[in-house]
Amino acid sequence: MKKVFSLLICLVILTGCWDRKELNERSIWLATGWDVAEDGGVEISGQIVIPANVQTQGGGGGATGQGFFAISAKGKDVRDALQNMQAKLPREAFFGQRRVIFLGEELAKRGVKDKLDINGRSADVSLRTDIFVIKGGTAKEIITIANPLEKSPVIATLKEHQESGGRGDTAYLNFLTAANRDGITPSIPSIEITKSLEGKAAGKEKSPNPKLLRLAGVSVFDKQLKMKGFLNNEENRNILWVMGFLKKMTITIKDGGGDKSIDLRSIRSKIKPTFDKNGKPSFTVTLTGEGALTENNSGLDVTYADNLRRLEKEFSKQAQDHVQQTINKVQKEYRLDILGLGEILHRHHPNRWKKLKTNWDQTFPGTTITVQAKIKVKQIGMSGPSLLYRESEIKK
Amino acid sequence: MKLSGLQIFWLMYTFQTGNIILLTISPVMKDAKQDVWIAYLIASVLGVLIVYIAVKTALQNPSQTLIVFSKRILGKWLGTVIVLVYLVQWYSVIGNILREFADFTITVLLPRTPSWVLLLTMVLLLVYITYIGGIEGIGRCCEVFGPIIMFSVVMLVIFSMKDFNAANLLPVFTDTGVVPILNGALTPLAFLGESVIMLMLVSFTDKPDKALKGAVWGITLSALTVTIVAVCVLLVFGPDISAKLRHPSFDVTSYISILGFIQNLEIIAVLVWILSVFVKLSLYFFAANYGTAQLFKVKNWRTLIWFTAPLFFCLAMFVPSHSYTFGYMKTYWVYYALPINMAGIPLLLLLVGSIRKKLALAPPGQ
């Protein structure tokens with residue numbers, strides 16, 4: 001009996017399998033681009049690895065070609081477009097390594113609510129993915145741009161995003177969460193095409209001045225998930241700081257006597273709502289940051305505690321003003337609560353929020369938001385005053 | 001065929017954990033939102049109560065299974081009706097779980113494999129373990145699978161800690177209220193209540209008094225594990241997204257990314273679930289076969305396997321109804337099986353049984 005059983009089970013288990021797919025039967029897909037097709041459908045573009053060109057082992061020479069190629073097709077929705085694309089793709093597309101989603105500006109403006117379902121339905125992609133709106137361009141262009149340092153440009157994009165202290169690969173989940181809530185409107189990081197050297201025409205491929213992708217701040221969406229506009233990189237950082245996402249940032253004081261910079265590392269934000277007697281909320285945003293003084297072009301000798309304290313005050317004032325300006329801009333220009341202040345009310349004053357939430361879109365632009373920043377200098381680097389100043393010029 | 005107390009413990013733990021983690025979190029999030037943890041805690045307490053009652057009931061007649069002692073307690077006819085109620089539950093749930101297993105595996109793992117292959121493989125495995133091992137074989141299996149499941153779950157929870165966002169827990173209670181939370185608690189309770197199968201298992205233990213401890217601890221630990229995972233899902237995804245995903249715990253595993261190279265761990269989640277489903281199926285399969293045999297006084301219960309195995313395969317394969325796949329747990333399990341099979345009947349048996357015992361003890365004529 002046992003033998004019969006074992007035989008039967010072996011028969012079923014060991015006869016190979018329907019879903020066996022060798023790596024060389026798959027095309028590994030790194031990034032997906034969404035654009036509007038002329039007929040109102042979508043145009044999907046993809047960046048696919050060329051496996052032979054990305055092998056790094058095996059000594060010098062060998063793999064020198066481009067590590068990827070781009071492909072696109074139009075369709076009614078994503079799967080339709082992919083079916084059209086498969087007609088010119090010899091291997092089956094595999095999305096398990098898809099790390100970035102690019103949305104063309106036009107598509108973002110028309111709205112993404114009825115476009116992105118595939119990212120949550122398909123089992124082989126993770127919700128952990130980076131997402132960008134392309135400022136002034138289409139995903140199709142973006143997806144062709146190589147990066148000289150990384151074999152796959154998508155990895156470069158991801159790293160740029162993380163290195164600049166942004167949301168990184170949690171961006172899509174952030175967007176989804178915001179889209180599902182009343183007290184916050186969604187925002188998506190944005191990216192644009194630029195070139196390595198500013199102000200010079202980009203060279204051809206392999207020139208020392210190639211085209212590059214640059215983070216371009218953040219795009220603001222409304223509740224219908226239609227894009228309303230952009231905020232630039234500095235404004236984006238200010239907003240991320242308030243929201244508590246920011247991981248690092250440099251603040252520079254413009255000063256006639258020499259500019260100074262601080263690299264902030266330990267960055268925090270605390271938002272405290274208060275209510276007047278009519279129940280109208282106002283917010284105090286307390287921003288804190290600690291970091292190292294990394295540049296001091298003035299004659300100030302920072303080994304003196306008084307000078308440091310003065311510097312800290314100047315940095316704090318600057319941060320406070322800039323963040324305040326950004327918040328005012330968001331309130332006036334976009335009138336959308338991308339900071340998630342409504343969510344703060346929801347979490348900490350749920351009963352008041354029940355009354356406020358129906359009118360929050362109207363209330364938010366007129367809400368008083370006060371910013372306070374406290375910046376601490378923890379390290380000052382290797383010199384006291386700048387080495388370029390004479391003893392008599394140093395301010396002690 | 002004898003089970004030790006430790007085997008009962010692992011049996012209950014494995015039987016419950018995987019399935020509850022995969023299938024209950026989303027419906028609970030829908031009702032109880034950020035208060036899922038309250039819902040799960042309530043379900044845990046009641047779930048432990050259910051297993052306690054079930055074991056206590058069975059311990060009144062520690063050497064007999066439900067099939068025999070229900071007739072003894074309630075009389076021939078009512079007893080048979082009760083046994084039939086349970087057999088309906090066991091027979092129907094096997095088809096449903098088999099289908100759930102095929103559906104999930106095809107969706108996440110083997111998109112081109114026809115479902116009959118998966119079903120046939122699983123049914124053959126079930127036949128194998130029940131025919132050769134019987135209940136003891138299943139018990140030994142659990143002693144191996146249980147720790148694997150526990151370890152994997154703990155590991156996955158630790159890996160996802162990096163993505164926790166404590167703000168997702170707030171606000172407590174105000175968004176939901178008592179009714180939604182209790183509503184939410186129903187689903188995990190209906191799964192934890194499956195431990196009522198102890199009515200069958202107690203008679204197979206070598207020392208019946210150890211069964212109570214093993215079963216109660218197994219369910220407690222399982223409920224605790226599930227609660228932790230639910231909180232973990234809430235902390236990573238928040239209530240809105242989790243409620244819309246079908247298997248949020250699976251998505252949390254695929255969301256894990258440590259240092260950019262510990263990724264795509266969802267296969268571990270699938271493993272945990274398949275181990276758990278296998279144990280669940282084999283336990284129900286055993287109960288269905290053994291129970292039917294005892295009811296119809298078939299001498300060797302193993303012969304029944306040759307009839308039931310094809311039946312279950314056909315049930316999962318050829319009943320092409322969406323309500324059997326997607327609506328079974330939501331309606332039959334929560335609104336019929338939970339109040340009747342898991343709570344009502346065991347209580348009835350316990351009450352009537354203890355009254356009968358007292359009457360029997362009391363000297364006649366008083």
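The values are calculated or read from the model by the stated rules, or taken from the named source; none is laboratory data. Source: prediction; values computed, not measured. Reconstructed Cβ throughout: ideal geometry from the backbone, glycine too, with neighbour counts over all protein chains shown. Only protein heavy atoms, including side chains, enter the accessible area calculation; ligands, DNA and RNA are left aside. Shrake-Rupley method; radii C 1.70, N 1.55, O 1.52, S 1.80 Å.
Regarding segment B:233-242, can at least one residue be identified that is within 19 Å of B:THR14 (Cβ to Cβ), touching a residue at least 60 places away in the same chain (Cβ under 8 Å) and either out of contact with any helix residue (DSSP H, G or I) (no Cβ under 7 Å at 6 or more places or on another chain) or away from chain A (no Cβ under 12 Å) (or both)? No: segment B:233-242 contains no residue that is within 19 Å of B:THR14 (Cβ to Cβ), touching a residue at least 60 places away in the same chain (Cβ under 8 Å) and either out of contact with any helix residue (DSSP H, G or I) (no Cβ under 7 Å at 6 or more places or on another chain) or away from chain A (no Cβ under 12 Å) (or both). In segment A:231-248, is there at least one residue being in a loop (DSSP other than H, G, I, E, B), open to solvent by 20 Å² or more (accessible area, probe 1.4 Å) and aromatic (Phe, Trp, Tyr)? The answer is yes; a qualifying residue exists.
For segment B:244-279, filtered to residues that are crowded, with 24+ Cβ neighbours inside 10 Å and under 18 Å from B:LEU119 (Cβ atoms), the residue that is nearest to the other protein chains (Cβ to nearest Cβ) is B:TRP273.
Please verify whether B:THR57 is under 27 Å from B:TYR332 (Cα atoms), open to solvent by less than 10 Å² (accessible area, probe 1.4 Å), part of a helix (DSSP H, G or I) and within 14 Å of another protein chain (Cβ to nearest Cβ), treating the condition exactly as stated.
Working: under 27 Å from B:TYR332 (Cα atoms): yes; open to solvent by less than 10 Å² (accessible area, probe 1.4 Å): yes; part of a helix (DSSP H, G or I): yes; within 14 Å of another protein chain (Cβ to nearest Cβ): no.
So B:THR57 fails the test.
Restricted to segment B:100-208, the set of helices (runs of 4 or more DSSP H) holding at least 1 residues that are farther than 27 Å from B:THR65 by Cβ comprises B:115-128, B:134-160, B:178-192.
For the residues B:ASP209, B:ASP175, the requirement of being acidic (Asp, Glu), under 30 Å from B:THR57 (Cα atoms) and either surrounded by fewer than 18 Cβ atoms within 10 Å (Cβ to Cβ) or at pLDDT below 90 (or both) singles out B:ASP209. Selection over segment A:175-213 of residues that are touching a Ser or Thr at 6+ places or on another chain (Cβ under 8 Å) and without any contact (Cβ under 8 Å) to a residue 24 or more places away in the chain gives a count of 3. Listed conditions (1) over 30 Å from B:LYS244 (Cβ atoms); (2) out of contact with any Leu (no Cβ under 9 Å at 6 or more places or on another chain); (3) surrounded by fewer than 19 Cβ atoms within 10 Å (Cβ to Cβ); (4) modelled with pLDDT under 90 are all met by B:LEU49, apart from (4). Restricting attention to segment A:25-43, does a residue exist that is of a type outside the set (Phe, Trp, Tyr) and either at pLDDT below 70 or assigned to a helix (DSSP H, G or I) (or both)? The answer is yes, given that some residue of segment A:25-43 is of a type outside the set (Phe, Trp, Tyr) and either at pLDDT below 70 or assigned to a helix (DSSP H, G or I) (or both). Please verify whether segment B:16-26 includes one or more residues that are farther than 15 Å from B:PHE191 by Cβ and under 22 Å from the mean Cα position of the chain (by Cα). No: zero hits. The single condition among (1) aliphatic (A, V, I, L, M); (2) surrounded by fewer than 20 Cβ atoms within 10 Å (Cβ to Cβ); (3) closer than 25 Å to A:PRO186 by Cβ that A:LEU287 does not satisfy is (2).
For segment A:90-109, residues that are touching a strand residue (DSSP E or B) at 6+ places or on another chain (Cβ under 6 Å) and more than 14 Å from chain B (Cβ to nearest Cβ) total 10.
Within segment A:297-354, if we keep just the residues that are among the charged types (D, E, K, R) and closer than 30 Å to B:VAL172 by Cβ, the residue that is surrounded by the most Cβ atoms within 10 Å (Cβ to Cβ) turns out to be A:ASP337. Does segment A:122-130 contain at least one residue that is within 14 Å of chain B (Cβ to nearest Cβ), without any contact (Cβ under 8 Å) to a residue 12 or more places away in the chain, in contact with a helix residue (DSSP H, G or I) (Cβ under 9 Å, 6 or more places away or on another chain) and not basic (Lys, Arg)? Taking every residue of segment A:122-130 in turn, at least one turns out to be within 14 Å of chain B (Cβ to nearest Cβ), without any contact (Cβ under 8 Å) to a residue 12 or more places away in the chain, in contact with a helix residue (DSSP H, G or I) (Cβ under 9 Å, 6 or more places away or on another chain) and not basic (Lys, Arg).
Restricted to segment B:112-124, and to residues there that are within 7 Å of another protein chain (Cβ to nearest Cβ) and aliphatic (A, V, I, L, M), the residue that is surrounded by the fewest Cβ atoms within 10 Å (Cβ to Cβ) is B:LEU120. Against the list (1) open to solvent by less than 50 Å² (accessible area, probe 1.4 Å); (2) away from every other protein chain (no Cβ under 14 Å); (3) without any contact (Cβ under 8 Å) to a residue 24 or more places away in the chain, the condition A:GLY137 fails is (3).
If I ask for residues that are closer than 21 Å to A:ALA139 by Cβ, out of contact with any strand residue (DSSP E or B) (no Cβ under 6 Å at 6 or more places or on another chain) and either assigned to a strand (DSSP E or B) or at pLDDT 80 or above (or both), which ones from segment A:194-211 would you list? Explain how you work it out, then say what you get.
Taking segment A:194-211 and keeping what is closer than 21 Å to A:ALA139 by Cβ, we get A:194-195, A:202, A:205, A:210-211.
Now narrow it down to the ones that are out of contact with any strand residue (DSSP E or B) (no Cβ under 6 Å at 6 or more places or on another chain): A:205, A:210.
A:PRO210, the sole residue that qualifies.
Residue check: B:LEU109 meets all listed conditions (1) open to solvent by less than 60 Å² (accessible area, probe 1.4 Å); (2) among the aliphatic types (A, V, I, L, M); (3) facing chain A (nearest Cβ under 10 Å) but one, namely (1).
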